[in-house]
Amino acid sequence: HQASLVVAGVLAQTALAAPSEKRAASCSFPNPSASTNVKLSAARTIKAGESFDGKNLRYGRGVKCGGQKEGGTKDAVFILESGATLSNAVIGADQNEGVHCQGPCTIRNVWFEDVCEDAITIRQSSGTTNITGGGAKSASDKVVQHNGGGLVKIDSYCVQDFGKLYRSCGNCGTQVKREVQISNVIARNGKLLAGVNSNYGDVATIDTKSNSYTSLTSVRNGKLLAGVNSNYGDVATIDTKSNSYTSLTSVCDTFQGNNKGDEPTTLTKNKSNSK
């Protein structure tokens, strides 16, 4: 019998189906020559349904990171409209807001060298955004910030020295159910793999078969594997038998999210509350 940690009262063991195209995650961040850096005076918009190949060059805005001060879409490096694809790009440290997806988008083999406020912000009202390949380093807070609705899939990704890989917005003015699927991820020196609002029905599915913390590189010296907001009905499924933890303070925390812009309240820490 396979053991599972049940969080937020509605947790059930699940495993993600294998995607049609699998490639192993890599933490070999590209290092293009500074002589080829591209400094954008304004965010570059990739139109709906179009694709942009960054040719593995480094892109930035030529500005100093403003830390955790909330910026906006105008401060992004790339803005992806619905159905747009960004691939093969390095996002440098000289920027604030990384990549913004205004609708469902695809981000493939995009590398964030030094995350500022967030690396990727998802604003889609519905649909699925796919983040495949690539990685992010030095995110003091979040790598993927999910402000809209729908599903975010994170696959074959490397994240190092981070606060949270994924966070469902805990205090947006409009709150909806959000979902995230995480598979084939290498996570090193992080605090929280996924944080969701259980009171809004969010669902986080972490495929521990493909990750097995060799692909998810055994989350070591971290603080929190998953955080959910139980007052919104969030779901986090973590197979505690196949996982391996070393120096991990908390496997999963639950939060009470809100739509008032207030900091979400922590309800439980490292506690299974299966029913």
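Computed from the coordinates by the stated procedures, all read-outs in this text should not be read as laboratory data. Note that this is a predicted model, so its numbers are computed, not measured. Don't worry about glycine lacking a Cβ; one is built from the backbone with ideal geometry, like all the others, and counts go over all protein chains shown.
Using alpha-carbon pairs under 8 Å, 6+ residues apart, how would you state the relative contact order of the stretch 45-119 in percent? Spell out each step's value before the answer.
Numbers: 202 pairs, mean separation 27.2, N = 75.
Relative CO of the stretch 45-119 lands at 36 percent.
Treating the beta-carbon of each Lys and Arg as +1 and of each Asp and Glu as -1, no other charges, what is the dipole magnitude of the stretch 39-116 about its Cα centre, to the nearest 20 debye? Walk me through the numbers on the way to the answer.
Working: 10 positive and 9 negative charges, 38 e Å.
Approximately 180 debye in magnitude.
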message: Please report the spacing between the Cα centers of the stretch 34-74 and the stretch 93-123 in Å, no decimals.
response: 9 Å
- request: Let me have the relative contact order for the stretch 44-198, percent, based on Cα pairs under 8 Å that are six or more residues apart.
  value: 17 percent
